[in-house]
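Read-outs throughout are calculated quantities, based only on the coordinates presented, and are distinct from any laboratory measurement. No experiment lies behind these values; they were computed from the predicted model shown. Quick reminder, even Gly has a Cβ in these numbers, built from the backbone with ideal geometry, and neighbours come from all protein chains shown.
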Amino acid sequence: VRIVRDPDAARAIVRAWRGKGERIGFVPTMGALHDGHRSLLRRARRECDRLVASIFVNPLQFGPREDLSRYPRSLARDRSMLIAEGTDLLYNPSARAMYPPGFTVRIEVPGLGDGLEGASRPGHFAGVATVVAKLLNTLEPDRMYLGQKDAQQAIVLSKMVRDLDLGVRVVVCPTVRETDGLALSSRNAYLTRPERAWAPSLHRVLRETAAALRTGEMTPRGAEASIRRRLANGPGKLDYARAVDAETLGPVRTARPILLSLAYHLGKARLIDNVVVRRAKGR
Ligand code: PAF
């Protein structure tokens, strides 16, 4: 894998490939790669002629009391995975290259970026949208691969791509889970042994609540309340549990898929997870 830190150099390499008519697949990451990232890399590798990944721990998307300084960094291990998955180019810019002194632009996606994660992490999605717009501008990929685990991120970025005519197709890939159901996340590394043993409860509660929503046994509000009740005595603290329209992230509408999602503080980790509920006909 070729590792490039300079934006102009990365742009020139990718442009040369595009010039030959090659299709460019792009997987943006903050590193600390796990099998969730691997599934994105594999899909991109399968569907495109060139596979480009980025690793950049983006300070703009972390709040002042969040985990920027201790976010896991493992470039040597990440590099091995990128090589194993046939990555052609790793774009790994410095913070200075991304945000030179005087950088002030922010891309906001109002509405879609305001609820759920956006409500708990003010400024988060402006940070995500801004960095991804810059990455897309530099790399000009044909397709960008994102994970469903960060469902709101995928929706916010898809809207940004549409509104700004960025001309990249956004491909959202299923959440990858441990065998016990815990969604893979770089932040799982923060969990102690007992926390890790408890963590799959989040997905179990989501799954069971989703089943009750699907059959109509629970209403969206009832589902949120049920999750709050069931997690009230856990070892951490529920940040939010929400049932929203899976596309607009607004109020649930009859017969449309529901995004049931939660965020939970467990020890030093803040874990998020979601399931999409497609209701039985007539519900
Ligand atoms: O999902 C992530 O790892 C990040 O939010 C992303 C998309 C790489 C932007 O920094």
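Quick notes on this one:
- Listed peptides 113-123, 224-234, 128-138 by packing density, highest first (mean Cβ within 10 Å): 128-138, 113-123, 224-234
- Viscosity 1.567 mPa s, 4 °C: Kirkwood-radius Stokes-Einstein D of segment 27-165 over Cα pairs, µm²/s: 83
- Each stretch of four or more DSSP H residues adds -39500 (n - 2.57); spread over every residue of the chain, this sum gives -11500 deg cm²/dmol at 222 nm.
- DSSP finds beta bridges in the chain, and of those with both partners inside it, around 50 percent are antiparallel.
- Rounded D (µm²/s) - segment 94-165, Kirkwood Rh over Cα pairs, Stokes-Einstein at 20 °C, 1.002 mPa s: 166
- Size descriptors for segment 17-57: radius of gyration and Dmax over Cα atoms are 10.9, 32 Å.
- Dipole magnitude (debye, nearest 20) for segment 196-283, charges at Cβ of Lys, Arg, Asp, Glu: 100
- Summed over all non-identical Cα pairs, the Kirkwood treatment of the chain gives a radius of 19.8 Å.
- Evaluated at q = 0.11 Å⁻¹: base-10 log I(q)/I(0), Debye formula over Cα of segment 58-126: -0.42
- Considering every alpha-carbon pair of segment 100-232, the percent of pairs per 10 Å bin, from zero through the bin containing the longest distance, is 10, 30, 34, 20, 5, 0.
- Förster radius 51 Å - calculated FRET efficiency between Arg11 and Glu208 (Cβ-Cβ, nearest 0.05): 0.60
- Taken as entire DSSP H runs, the helices of the chain that both span 15 Å or more between Cα atoms along their own long axis and average 0.5 or more on the Kyte-Doolittle scale are 124-139.
- Only lysine pairs 8 or more places apart, or on different chains, with alpha-carbon atoms under 24 angstrom apart are counted in the chain, and they number 7.
- Distances between every pair of Cα atoms in segment 86-128, grouped in 5 Å steps from 0 to the bin holding the largest one, split as 5, 18, 18, 15, 15, 17, 10, 2 percent.
- By average C-beta atoms within 10 angstrom, highest first, the peptides 252-259, 94-101, 78-85: 78-85, 252-259, 94-101
- Spatial separation of Cα centroids for segment 1-42 and segment 184-240, in angstrom: 34
- The label-point distance for Val105 and Arg278, in a model that sets each label 7 Å from Cα toward Cβ, rounds to 3.9 nm.
- Computed magnitude of the charge dipole of the chain (debye, nearest 20; Cβ of K, R +1, Cβ of D, E -1): 480
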